[in-house]
Structures are given as structure tokens and as C-alpha cells.
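Working notes, structure below.
The values are calculated or read from the model by the stated rules, or taken from the named source; none is laboratory data. Bear in mind the structure is a predicted one, so any value in this text is a computation, not a measurement. Cβ: placed from backbone, ideal geometry, glycine included. Neighbour counts: every protein chain shown. Side chains included, ligands, DNA and RNA excluded: accessible areas come from the protein's heavy atoms. Shrake-Rupley method; radii C 1.70, N 1.55, O 1.52, S 1.80 Å.
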Amino acid sequence: MRLFNLPTALLALLVAAPETWATHTSNWAVLVSTSRFWFNYRHMANTLSLYRTVKRLGIPDSQIILMLPDDMACNPRNSFSGSVFNDKSRQLDLYDDKGGAMVEAGMGGIEVDYRGNEVTVENFIRLLTDRWPESHPVSKRLMTDDRANVLIYMTGHGGDSFLKFQDAEEISSFDLADAFQQMHEKRRYHEMLFMIDTCQANTMYTEFRSPGIIATGSSARDESSYSHHADQDVGVAVIDRWTYYNLEFLETRLNSTSQDVTLGELFDFYTFDRVHSHAGVRYDLLPGGEEAARNRRVLDFFGNVQGVEAAAEGAQDSQNEWIQDLDALRRILARQKEEMAAAQEEKETNNTTHKAPTGKRAVAHDMVSDSADGWLKKTLGAGSLLALGAAWIASSSRLGPQRKVAVS
Amino acid sequence: MMMRGDKTQADVSSSDGQSSITAMAPPPEQPATSNTRRLIILSFWLVVACLGLPHWIWTTSIHRSDLPLESMNDWAEGKSCQPHYPLNIRLHSQSHDSARDAIVAARTETILNSLTDFQLYRFHVAAGNNTVSDVPTQDDVLVVELKQPSKADHVEAKLQSWVPVLDIVHADDDVERLAEFISEQVRSVFADEAKSLSYILGNTPFATGKEAIISPEDRKILEARTTRAFKYASALHLTFSLFTSSATPSAWDIEEALEQYITPLLGPFSAITKFTVDTQVQLQASFSPSIEGPTFDAATGQWKLDNSDLGGFINAAEWPLSPSIGSGPTINFVLYVPSAQQSPLVIAETGGSSWLIPQWGGVQILNSQHLSGRLSAEDLRPIMLTFADQLTSLLGFPQSPPSLSLRISSLTRERATSLIMSASSTLGALSRLTLKLKSIAIPDTVAKSVDETINRLNQACQDLNQGRFSRALQNARIAEDEAEQAFFEPSMVGQVYFPDEHRVAVYVPLLGPMAVPLVMAGAKELIAWVKYLKSPKTKTA
């Protein structure tokens, strides 16, 4: 019987193969600027521009993780205090979009999830791998599953296979690849679009090995990534070239969520004439390769558009059945309550059943393991160091007089 | 070490003929001083070797608890559990011929167990006593109630909605035909579940080859169902929102409506998941400006939304839809009342006014000409029923069989199976992770959680194979939670990538200045010692 069934099974598999890549059901965006200080104004503007775009295309704030190490709007050198612009025309305030005369309504303020000193390599990796203490708020977590498409955008100062975080530390392409691998192991994304605008950006995605990632960067190895233009009144460059042309494409080609634009068209927009560096794309990690990746819709990553199931007009017919069912359920509920009460009594009588592990585990925020064990180790370490120090002092004070004797 | 010797230069040069030209040479050492020096060097090296080295190793070592990698991998590869589902069916009949009932039962069991697409199941059909109890015992998945027809040749099979009872009206004297009829009915009850279980198990390490073959169409349906449903979460939050584009209606009797239509549905499910509910009303709320529609259709006098508009309809930027209440995900139910100018607002393709967004929630548009300021519970009745329907889809209820209680028990089996598989795959991921990232610490809590996971998985698998499905689900749930806890242990964040060049760059400035004199002095003494050993005569002279 089994043998007989085999060809049919194979056939079914073949037919079903294209269907296995089911659609995603939610979109998440992680937008990271990694540099602080006034002269890096453009990095914050880059990130906020992307933030505004994904919000415009429908990703709710709860699914956007925004990391900003510095607040340019409140910088004392900002002559337009409370505002951040990404163009010298200064028509669009990215920081607080109140809407202009031409636009009907502004998008309002921004919701920063990680700011200032919270923007660290460790926190970024924790965010990706979702390893947080229990006290960490839900709104600051990346709560994705295998049906979520994730957009990751990073900008800052980088070099060959690394990206600086806040002039203090750096994340390497290995760290990123490891984090993505862990995300893949735990099925924390369906597909991912990784975008990075920094010098030598393309070196950041070479180590990736997890399937389902499309990666794109602004510049090749040993190549700088340039800013687009400076605003004389702001006094610094306001946006990077690569991000600028990304935005130009998204603003002109993707006016409403009903439009259909593919990633291939977006990638073709990064010409050397525009970007002044060799933008790169990595397709090979996506099943289906270049062709599949280029045919993905831009909205699959930038918007929040999923397949919906619309009910037909006649859906109301089953109402009577439903009322019956709900009544039935009420009866079941009542019965279950009785049973539970009975079970409770039973439990109380024989209290020997083993307990499920209860109690919350206190978790230290740092990498050192928590609880008394850690403290014990620390005291032991400190104690041994003290003992060594004491031994040294004692020996040197004993040696001192001897030496004097020797000299005399 | 001081110059205390009184030996003259001549003595030195005479003992060493080569240095006769040089004017100055260091005075020879006394054996005592060189011994002291050796002792000093030795003690330095002893301190380095006995204190420094262990200290360094101790302080830089990473605590990694032993994980039962082998059994973790066994679970991930599906070697530890072969799920099958024994289903107990009880046969009640009004006839007093228990011998005949037993034959019918045995025959039905044989037929059911020989079905090719039911290989995952093992049916036990037993003829029950004649006392008809309203509440079936826990062990019985289905009770078949055989009834004598009021008129001849009347054949009927009907599932009761609140208890897993299948009423069969049949008066065939032929045992074989009766058994065939019964098994055909039972088969139709469990057909969808068998497909669904096969879909869950197929193409995974847990596949046993007993799975039913699923046609591409069925696969599509099952895929849609799993895509739609929320993943298991120990807590779910429901948000019911009324968004009005004008100022009316500004209130709704939501509490009463929820009590009537939603709470009974949550009841049986609350054994699996905890629910919290909140509601909100927002006035002057407009849908998302980023969609193209709606367009006015003059022919029907309706405003129409295209299918492509539905996905972007939710105004995520302005509607406060993520309350962040509780730790679990939120299921959103949105009731939108369009303004009088834009009413009626319908979906162009279907003419309906409600849609479901997979793993997000449900949306409905309320088109009504005469709306007061307050929506009564009666007004909300059709809306709540649609929401209830959407809720069952979002929770992953199967669409059939028509009996709700059977659907719940189907869901119990499916959820238990998928939780076992998900916890197992988490164990596999964890074991690969610990092998891959050598530099991360593995605290004891992780080992404890892993042990608990494996323990619970074993129990769940046993329960499943012995037909205790709700207990299997409970154990699988705990296993899943523990596995997640182990994998997402906050202290297991990999050290930032630290290449060997960096390590050298850190240690060389630190240890270099100290190591050079130590090594040089040690080497010098060693060479001298070796020399001394090779030429014992010079020393004895």
C-alpha cells in the first residue's frame, strides 16, 4: 500500500512546492543610527527618513524599533531647535511632522525605543536574539516569528567588516551573521531585508549564512559612502547619498500601499552616477536566488500589507447556528467549572502531586550570571586578589631592611 | 649581588686567558649570590605558574553547564517520540442485545483501523452499557448513540454540538452494513483532523510515514489555516475597538455584548491560554490615508473598497491599537463606522463588510442608516457573532466537524502535537547554538530548564500515545515555555566577536614587559645549568 502511494506523494510534493513559501503576516522594522555628535546629523536624518517612510506605508509604531544614539533636535548647535531635516528645502520636519499647508495632516512625533547610551552593540544583539530580562518592556522587543518580515536599516561610520557604535565600540560582520543565524535557528523571521549605509558597507553582509536574507549596502570594500548635500543654515550635511536615493525612489514610486513595486526596481535605482559608490546587493541567501529576490515587492518589507480574507455578503446566514453553539459553550463552561471545583477538592486531599517550578528568576542585566553564585565568585576573586596584594606588601616590607643592611 | 669580593682583576684574567686584553671584567660571582639569584628567579616562576596562571584561567573561563546534548538532538530529530493517537469510541444502543453490539463495535473498529488515511489513529470501539449518560467519560473521544428509527428506512447521522455525541438513526439488521455506516460517519468526523495532523507532522523529523496523503488543495487550505492562527502563547490579549469617523455613535454596550457572545467562547479555551480583554472607543477616527480607495459606485450607490485597500485600511499611525497589555500578543477587533457621506462602505469584490487579517485580528464596517449615539447589545449582536467567528479562526479552530466540542478536542490534539514539535526544535536550536558559540556562558538555569523540557516532553508524548490529550497539551505547554526560557536566557548573549589578533593586541602590552625579563633570566639560568651538567670537572676543581 505504501509503495503504491509513493508516486502520488511525490507528485503532491512537487505540486505543493511553490506554495511552501507562504506569505508573511506582519512587518517589523529595526532602524539604527549608530553615531552621535553634531557633525553626524545626517545619520539621524537618514534613520528618521526611513522611519517616516515605513510609518507612512503602514508599519505601526509598535513594530518599529528605532535606535538613536543622539538627539540632534535638542543639540545646542541646532539653529532649528526641535527639528531635524533631511533636505535643505526644510519642508519636512522629521522630528515632529505637524503637516504643512499642502499636506493635510502631519505624521506627528517620533517614538524612539533606544536612545543615547542604550544604543550599544550588546543591546542591538539582544534585540535581534530577544534575550532580555523579564523586566524589559514589550514595546522595546522584537516580537517576531516565522511569519514576520523584518527590515533592518543601519547607518553610521564603518570600515572593512565593522560598524562603529557611538565611537566607543563596534559590531563586526561576524557578530551580525551570528545574530541572524540565531534568529534563523529560532525562526524569528520569514524574510529579511538588510540595508546598510556606511563606508565599505558591502563588507558587512559577506559573512551572512542564514537563508531568507536579502542584503544591500551603499559602498564596496575600500570605498567611501558619501553625503548628498549640506544645508548652509543647519551647517552640516543633512543626508547620505544612498539613503537619499532610496527615499527618492520610495517617495516617487510608492505613493500608496496599493502600488506594486519590486525590490529589483529599487536596486536598479542605485546607479554609480547617483550614489557615487558601488552599491551592492546580495541575493544568494534567498531561496530562489536573484530572480526571486528581485521580484519581491518593496511593500513586503516597507509596508504592513498582508493577505486579508474578506468575508462575503452571505456570511450572516450562519448566525443561528452560532447562537446555538455559543449557548452550548456556556453549558460546557458551567460543567467545566463544576469539574474543576471537584478536581480542586481532590487536589487538596492528596497534596502529594509535584509542583511545577514556580517563582520568577531574577536576572541580572549584565552578562555576568545572576544570583548569589555570581556574588560568591566576585568576593572570592576580590579576596584572592587582596591576599596576593597583602603577600606582596608583606614580602617587600620584609625585604626592605635586609637590602639596607646589604648596602651598608 | 653587591661588590664585596676582594679578588683582583689579575686573578680573573689569569683564570680566563681570552680576556687578557680587556681592561675590565665583572668580578666573579660567589656561589651564594648566584644561588640567591636562582632562588629569586625560581620563586618568580613559581608565582607565575602556581598563582598567576590558575588565576588567569579561573577569571577568564566561562561557566558552561553540561547540557544533555544527545537527548536534545534526539528530540529535535524526532527519535524520542512517535506520536500516534488512540481514540476511544463508545457505542451506545437502545437494543438490549449486548452481544450484537459488541460485534458491531468490533467490526467498526476493524474497518476504522484499516483506513489508509487514518494510520495515525488507533481506534478502540467499545460497546457501552445501555444507561445513556449525558456526560461522556473523559476517556471517550466520541460517543455513538444508536437509535431506532421512528419509521422504517429512515437513516440519519447528526453530531450534537455541545457534547461529543454522534446520533445515528439506523435500523439495519445486517451487522456488516451497520458497522460500515457507523465507520463512514466516524470517518467523516475525523477526516479533517487526520489531514491536519498529517500536515503538522509531515515533512518534519516526527513524520512516521503513517501520515495521510494531502492533496495540494487541502494543503493550501491547511496552510491558510495555520497562517491565520496565532502561534501558541500562554497569554493573549483581546482589544475591541470602535472607531467612528464622525461623532456618533460614541458609546456601545460592549460589556453586555462580550458577556453574551465572546465570554462563552473563551471559557473552554482558557484551559489552554489566559485571556485579557479591553475595549476602546475613538471618535473622529479616519482610516489610513495611504490607501487609494474608496471609490463611489454610482450604479449601486455604494462606496467600494478594493481588496488591495483592505490590507492598508488600518490607520496604524493614529489608531491606538497596541495597548502592550500583558506579555502575549494582542488580537485586535476593529469596528469602523464610516461617516454618513461615505456610507455604505463595502468591499468591492464580495460585497461584504468584514475581513480578517491573519495573526492580527478582524475588521468590520458597520453600515447603518439610523444610528443612535449608543450602540445597544442588540445592535452589536451580528457584529459580535462575526467577531466570534473570526476569533475561532484566529485561535486556530478547525472548520469542521460541525460540533464545537469536537472541534475543541481536535484543536487540543493538534496544539499538543505542534507544541511538542516546537519545543523539540527549540531544543535542537539550543544544542546547535551551544556548539556553535563556544564563548557564551551557559548558566545552570538553562540546564535545569532543558531537563524540565525533556521531562515534560516525555510525559506529553506518553500522554498523547495513551489518549490523555488534555494532559498531553498541559505538559507540552510547560515544555514549550521551559524550552523558550532556556533558549532566551538573557545572560546567553554571545561575546562580541573577538578575533585572535585582538587578543594578542590586548595581552602583549600587558604581559610583554613582564614576560621578557622573566623568560630571559629563566633561559639564562637554564643554559648555565645545562652547561654545568655537561662539564662537571670544571666545577669540582
Check your understanding: Using the heavy atoms of the protein chains alone and a 1.4 angstrom probe, what is the accessible area of region B:406-494 per residue in square angstrom?
Key -> 30 Å²
Check your understanding: What nm distance separates the two modelled labels at residue B:465 and residue A:274, each placed 7 Å from Cα along Cα→Cβ?
Key -> 6.0 nm
Exercise for review: Determine the distance separating the Cα centre of region B:229-252 from the Cα centre of region B:24-92; give it in Å without decimals.
Suggested key: 55 Å
Check your understanding: Along the charge dipole of chain B, which of B:191, B:335, B:394 sits closest to the positive end, that is, farthest toward it, with unit charges on the beta carbon of Lys, Arg, Asp and Glu (+1, +1, -1, -1)?
Key -> B:394
Check your understanding: How big is the Kirkwood radius of region B:152-292, worked out from every pair of different alpha carbons and given in Å to one decimal?
Key -> 20.5 Å
**Study point:** FRET efficiency, residue B:526 to residue A:167 (Cβ-Cβ, R0 60 Å, nearest 0.05)
**Key:** 0.80
Check your understanding: How many times 2.2 N^0.38 Å is the alpha carbon radius of gyration of region A:26-302?
Key -> 0.93
Revision key, fill the gap. Each residue of B:481-492 has, on average, a number of other protein chain C-beta atoms within 10 Å of its C-beta equal to 5
Point to revise | Counted charge near residue B:412, where neighbours are those whose Cβ lies closer than 12 Å (Asp, Glu -1; Lys, Arg +1) | key: +3
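Enter the accessible area per residue of region A:32-179 (Å², integer; probe 1.4 Å; all protein chains in place).
Working: 5280 Å² over 148 residues.
Ligands and nucleic acids excluded, the result is 36 Å² per residue.
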Check your understanding: Considering the dipole of chain B built from charges on the beta carbon (Lys and Arg +1, Asp and Glu -1) around the Cα centre, which of B:78, B:282, B:251 is farthest to its positive end?
Key -> B:78
Review point. Cα extents of region B:230-394 along the three principal axes, largest first, in whole Å?
Key: 51, 31, 27
**Study point:** region A:26-302, accessible surface, carbon-and-sulfur percent (1.4 angstrom probe)
**Key:** 46 percent
Review point. Nearest 100 Å², what total accessible surface is buried between chain A and chain B (probe 1.4 Å)?
Key: 7500 Å²
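Within 10 Å of each Cβ of B:114-120, how many other protein chain Cβ atoms are there on average?
Other-chain Cβ atoms within 10 Å of each residue's Cβ, averaged: 1.
Please label the shape of region B:500-540 as rounded, prolate or oblate, based on the square roots a ≥ b ≥ c of the eigenvalues of the alpha-carbon gyration tensor (a/c under 1.5 means rounded; beyond that, a/b larger than b/c means prolate, else oblate).
prolate
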**Study point:** Alpha-carbon centroids, region A:116-141 and region B:323-339: separation in whole Å
**Key:** 25 Å
Practice item. May I ask you to derive the FRET efficiency for residue B:58 and residue B:278 from their Cβ-Cβ distance with R0 = 45 Å, giving the value to the nearest 0.05? Key: 0.30
Exercise for review: With only Lys, Arg, Asp and Glu charged, each at its Cβ (+1 for the first two, -1 for the last two), find how big the charge dipole of region B:500-540 is about the Cα centre; round to the nearest 20 debye.
Suggested key: 500 debye
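Return the carbon/sulfur percentage of the accessible area of region B:230-394, one whole number, probe 1.4 Å, all protein chains in place. Display every interim value, and only then the final one.
On the way: 3040 of 6140 Å².
Carbon plus sulfur share of accessible area: 49 percent.
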Point to revise | Burial of 30 Å² or greater, region A:254-269 residues [accessible area, probe 1.4 Å, versus chain by itself] | key: A:256, A:257, A:258
Practice item. Would you please put B:189-199, A:115-125 in order of how densely packed they are, using the mean number of other Cβ atoms within 10 angstrom per residue and starting with the highest? Key: B:189-199, A:115-125
Review point. By per-residue mean of other Cβ atoms within 10 Å, what is the highest-first order of B:342-351, B:364-373, B:25-34?
Key: B:342-351, B:364-373, B:25-34
Check your understanding: Under a straight-distance cross-link criterion of Cα-Cα below 13 Å, which aspartates and glutamates are reachable from residue A:378, leaving out those fewer than 8 residues away in the same chain?
Key -> A:370
Check your understanding: Farthest toward the dipole's positive end in region B:500-540, which of B:507, B:535, B:522, given Cβ charges of +1 (Lys, Arg) and -1 (Asp, Glu) about the Cα centre?
Key -> B:535
Check your understanding: Heavy-atom accessible surface, probe 1.4 Å, ligands and DNA/RNA ignored: which residues of region A:173-221 lose at least 20 Å² versus the isolated chain?
Key -> A:174, A:175, A:178, A:182, A:185, A:186, A:187, A:209
Check your understanding: If you check each cysteine of chain B for another cysteine whose beta-carbon is under 4.7 Å away, which ones come up empty?
Key -> B:50
Practice item. Assign unit charges at the C-beta atoms only (+1 for Lys and Arg, -1 for Asp and Glu), then state the dipole size of chain B relative to its Cα centre in Debye, rounded to the nearest 20. Key: 3240 debye
Point to revise | Over chain B: helical MRE at 222 nm, DSSP H runs n ≥ 4 each giving -39500 (n - 2.57), nearest 500 | key: -14500 deg cm²/dmol
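Give, rounded to the nearest 20 debye, the magnitude of the charge dipole that region B:85-191 has about its Cα centre when Lys and Arg contribute +1 at Cβ and Asp and Glu contribute -1 at Cβ.
Values: 9 positive and 17 negative charges, 34 e Å.
Charge dipole, region B:85-191, about its Cα centre: 160 debye, nearest 20.
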